[in-house]
Every structure is written in structure tokens, then in C-alpha cells.
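Worksheet: the structure to be examined is printed underneath.
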Amino acid sequence: PNFRDDFSELDIVTPEFKESFQKWLKLDFEKDFLDWTDSPYLFAIYRSDSSLIPGLTLILDASKDLEAAKTLAKNLGDQLTSILNLIKIQYDFLDPALSIGEVKFGDDTLQTITLDLSPFTASPEIEGAVPFQLPPLLDGEKITISFGLKGKNFVISTANDVAQIFNNQTLEKDADYQMFKTQIASKKGDMAFLDFREMVGYFDSLVDEVA
């Protein structure tokens, strides 16, 4: 699969989107982003630990232009940090719920932004709660966005523990994938790997929480 071609076909890639990209990130969408994404990529949807919120991970091969990928990661981090700090100042009830950090992989560092949903599930009458309320089943849930360069790959992930993706939760270590690997070795084109047992288990947990 080729990320540049696949992404360019999406409806969101409009002239307005490209203009916003340049205005917000101070980068040219075509030259500073699409040009180096003419390469394979991985997109995964999975259960993130025991969280009800599914994990999403996009990994782009950035070996074509590592400097451009580094600049994208830096500008993205700077802009998000500035926006979050302004949000905290304007909406002080969000201050304890938002945090900025990082996760290290040897010489590589991914930036992380975490939103704790607990204050959003408490009754508005409770001290520290926000003015509106999310369903109680989201109590204790967190939304984390991690992004940056790991080796020659540009990574964006919503996994609660992004380290698991690279340390011990890779597709190469999945027993079912290993069983089918030899059968698909000669296949070309886009492919998707679905673990229906995991999917059923995830949906069962949602039903249990709602019930």
C-alpha cells in the first residue's frame, strides 16, 4: 500500500484542508508531507489494554525524507502544546484532565498528550467535575495521542501504552498471523488482518459495561 495515493483519495483532502495544514503547521502539504509519504504504511485498529476506547495506530515509512518527518513531528508538538496550554488557561476545569508527556524508545522519543475522562463522567454538582457529563462507563478512561519518529518510521497512535505496540504486541508475534504468513507471502496489494475472537471479546465487554 502507498500512503500518499490512498490518503490523497480521501474526501477531506480539499484546498481548504491544505490551506489549514500550512497555516497551522507552517508546512506545505504537498512538499513537506505528501512527497515523503510515497511509501508503505500500516494502519491498525485494536483493543488498547482493557480500555473501552479502541486504539488506532498509523505508522509511515519516513526513510525517504527523515528531516521532513522530524520537522512535521516538531511543528505538530509545538502547535498542540501551545493550543493545550491556552485551553487550560481559558477553561481551568480542564487543567487536571490534560497532560503532556513523552515516551522513550532508546534514542527515540514520542510526544504524548493525554485526556483523562474521569472529570467528565462525574456529576456537575461534584467539585472538580466539568459543566457537562459523559456516560459513567467512561469513568477512569483516558485518551492518549502519541506521535513522533521511531527509527525511520513516523508514528501516530492512540494506544494507552504505545510501548506495547513495539515491544511485545506486534503482528509478527501473533500466532494466527504466523500460521497464515506462508500462505500470503506471494500475495500483492493491500491486505487486512482481522482477529474475530478479539473483536467479539471487545464487543462483549461493551455490552457488559452498558448492561
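The values are calculated or read from the model by the stated rules, or taken from the named source; none is laboratory data. Keep in mind that this is a model prediction, so the values were computed, not measured. Please note: Cβ atoms are built from the backbone with ideal geometry, for glycine as well, and neighbour counts cover all protein chains shown. Please note that ligands, DNA and RNA were not included when accessible areas were found on the heavy atoms of the full protein model with its side chains. Shrake-Rupley method; radii C 1.70, N 1.55, O 1.52, S 1.80 Å.
Numbers for the structure displayed
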| read-out | value |
| --- | --- |
| Residue list for the range 83-111, filter: farther than 18 Å from residue 151 by Cβ, open to solvent by less than 40 Å² (accessible area, probe 1.4 Å) and in a strand (DSSP E or B) | 98, 101 |
| Complete set of residues in the range 112-143 that are at pLDDT below 70, of a type in the set (Val, Ile, Thr) and open to solvent by 30 Å² or more (accessible area, probe 1.4 Å) | 126 |
| Qualifying residue in the range 8-21 (condition: in contact (Cβ under 8 Å) with a residue 40 or more places away in the chain and closer than 18 Å to residue 154 by Cβ) | no |
